[in-house]
Structures are given as C-alpha cells and as structure tokens.
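Here the structure comes first, spelled out in structure tokens, and everything after it is commentary.
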Amino acid sequence: ARSMRVNGQRAMFLIGNDAFSRDWLTERLATLRALNAVGFVVEVDSESSLAELRGLAAGLVLIPASGDDLAQRLQLQHYPVLITASGIEQ
C-alpha cells in the first residue's frame with residue numbers, strides 16, 4: 001500500500017485476465033461496489049473473456065485498456081491494484 005492524496009479521484013482498479021486477478025476481484029467485490037470503482041482490464045484477449053470478467057464484477061463498469069501508461073505514471077509493477085483518492089493498494 002502507498003499513500004497519496006488526489007482529491008476528487010474516483011476509485012478505480014486495474015486487473016488482468018488471470019486467475020489471481022479474478023480471485024482478487026471476487027474477494028474485493030463488496031469494497032469495489034461500495035467505492036463505485038471503475039475497472040480497467042489489461043491483457044484481455046477476447047470479448048468472451050471480458051464478458052466473463054464483467055459477470056464476476058456484477059454491476060461494476062469494466063473497460064478494456066492498455067495499462068502501460070497508467071502503470072508507468074504511478075510506478076506500478078504488478079496488478080491487480082486499487083487506486084483511490086487516498087492511496088494505492090496492490
């Protein structure tokens with residue numbers, strides 16, 4: 001975990017299409033819903049894989065994206081990661 005202060009930052013998370021990311025999403029689903037977090041999915045290889053992840057996320061917005069720029073700017077080495085106005089949790 002790393003502290004930061006970004007007032008007004010909407011909670012977001014970055015996940016992959018791997019077993020660890022799927023488990024992380026399932027375990028933190030209630031927290032992510034409470035934060036109304038938006039998810040960015042990196043390394044998703046098909047629409048069906050994205051649809052499966054969206055099914056797990058039930059009610060959260062998941063957007064396919066390249067995580068390279070975000071990871072570089074925030075000095076992230078791994079995902080999944082949760083980014084809020086107060087910090088980064090990997």
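This table checks each residue for (1) among the small types (Gly, Ala, Ser); (2) in contact with a strand residue (DSSP E or B) (Cβ under 9 Å, 6 or more places away or on another chain).
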| position | (1), (2) |
| --- | --- |
| 30 | yes, no |
| 45 | no, no |
| 55 | yes, no |
| 59 | yes, no |
| 64 | no, yes |
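Would you check if there is a residue in the range 52-73 being in contact (Cβ under 8 Å) with a residue 60 or more places away in the chain and in a loop (DSSP other than H, G, I, E, B)? Looking for residues that are in contact (Cβ under 8 Å) with a residue 60 or more places away in the chain and in a loop (DSSP other than H, G, I, E, B), one finds none in the range 52-73, hence no. Going residue by residue through the range 39-47, is there one that turns out to be touching a Gly at 6+ places or on another chain (Cβ under 9 Å) and closer than 16 Å to residue 89 by Cβ? Yes, that holds for at least one residue. Filtering the range 42-51 to residues that are surrounded by 14 or more Cβ atoms within 10 Å (Cβ to Cβ) and either part of a helix (DSSP H, G or I) or of a type in the set (Val, Ile, Thr) (or both) leaves 42, 44, 49, 50. Scanning the range 1-16 for residues that are open to solvent by less than 40 Å² (accessible area, probe 1.4 Å) and either out of contact with any Pro (no Cβ under 8 Å at 6 or more places or on another chain) or modelled with pLDDT under 90 (or both) returns 11, 12. If you go through the range 54-75 and pick out every residue that is in contact with a helix residue (DSSP H, G or I) (Cβ under 7 Å, 6 or more places away or on another chain) and either modelled with pLDDT of 95 or more or surrounded by 14 or more Cβ atoms within 10 Å (Cβ to Cβ) (or both), you end up with 5. Going through the range 26-43 one residue at a time, which ones are out of contact with any Asp or Glu (no Cβ under 9 Å at 6 or more places or on another chain) and closer than 18 Å to residue 77 by Cα? Of everything in the range 26-43, those that are out of contact with any Asp or Glu (no Cβ under 9 Å at 6 or more places or on another chain) and closer than 18 Å to residue 77 by Cα turn out to be 39, 40, 41.
All of 30, 37, 19, 85 fail the test of being out of contact with any His (no Cβ under 6 Å at 6 or more places or on another chain), aliphatic (A, V, I, L, M) and either in contact (Cβ under 8 Å) with a residue 60 or more places away in the chain or open to solvent by 90 Å² or more (accessible area, probe 1.4 Å) (or both), apart from 85.
The values are calculated or read from the model by the stated rules, or taken from the named source; none is laboratory data. Because the structure is a prediction, the values reported are computed rather than measured. All Cβ positions, even for glycine, are placed from backbone atoms using ideal geometry, and neighbour counts span all protein chains on display. Protein only, heavy atoms only, side chains kept; ligands, DNA and RNA dropped before computing areas. Shrake-Rupley method; radii C 1.70, N 1.55, O 1.52, S 1.80 Å.
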